[in-house]
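Participant: Sharing a structure here in structure tokens format.
Just so it is clear, none of the values below were taken in a lab; they were calculated from the coordinates. Quick caveat, the model's predicted, so the values are computed rather than measured. Note that we place each Cβ from the backbone using ideal geometry, even for glycine, and neighbour counts take in every protein chain shown.
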Amino acid sequence: MNHIRRCSRPGCGKPAVATLTYAYARSTAVVGPLSPNDDPHSWDLCEVHAARTTAPLGWELVHEDLTFDDESDLTALAEAVREAGTHASGLVDPIRVDTPVPENIGGNHPINRVKRQRGRRAHLSVVPEPEDDDDNDND
């Protein structure tokens, strides 16, 4: 199964095309082609974020060539993106309608909205504090 790596920037879900790595000893940031392995010390970037990346103050930024040398690499990338678009992510539940909807009811009517599924009941519950019997004996 192919796994599409996504841009590491928060809020960006575009496919990654470049990898940002830092060479701390040389004070250099390198934006190069997408590395074949996912490295926890590097950041995968989409095309937009790879172009907009800047280096920290006093550091050098190196952009390596991001073009594809072989047409088969580009074709493989296009097929992987196409394949990823055909599979559901599983993050959203499919719509479930239990009752038939009359034809004269509009699309914004509450009956047409997605019914929320009841979540799992928690295994912990709140227990009230026991009443102190000594306070009641003073009467």
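Participant: Can you give the FRET efficiency to the nearest 0.05 for LEU57 and ILE4, using r as the Cβ-Cβ distance and R₀ = 30 Å? Before the final figure, lay out the partial values.
Facilitator: On the way: r = 34 Å, r/R0 = 1.12.
Given R0 = 30 Å and the Cβ-Cβ separation, E is 0.35.
Participant: Need one number: nm distance between label points at GLU64 and HIS41, each 7 Å from Cα along Cα→Cβ, rounded to one decimal.
Facilitator: 1.5 nm
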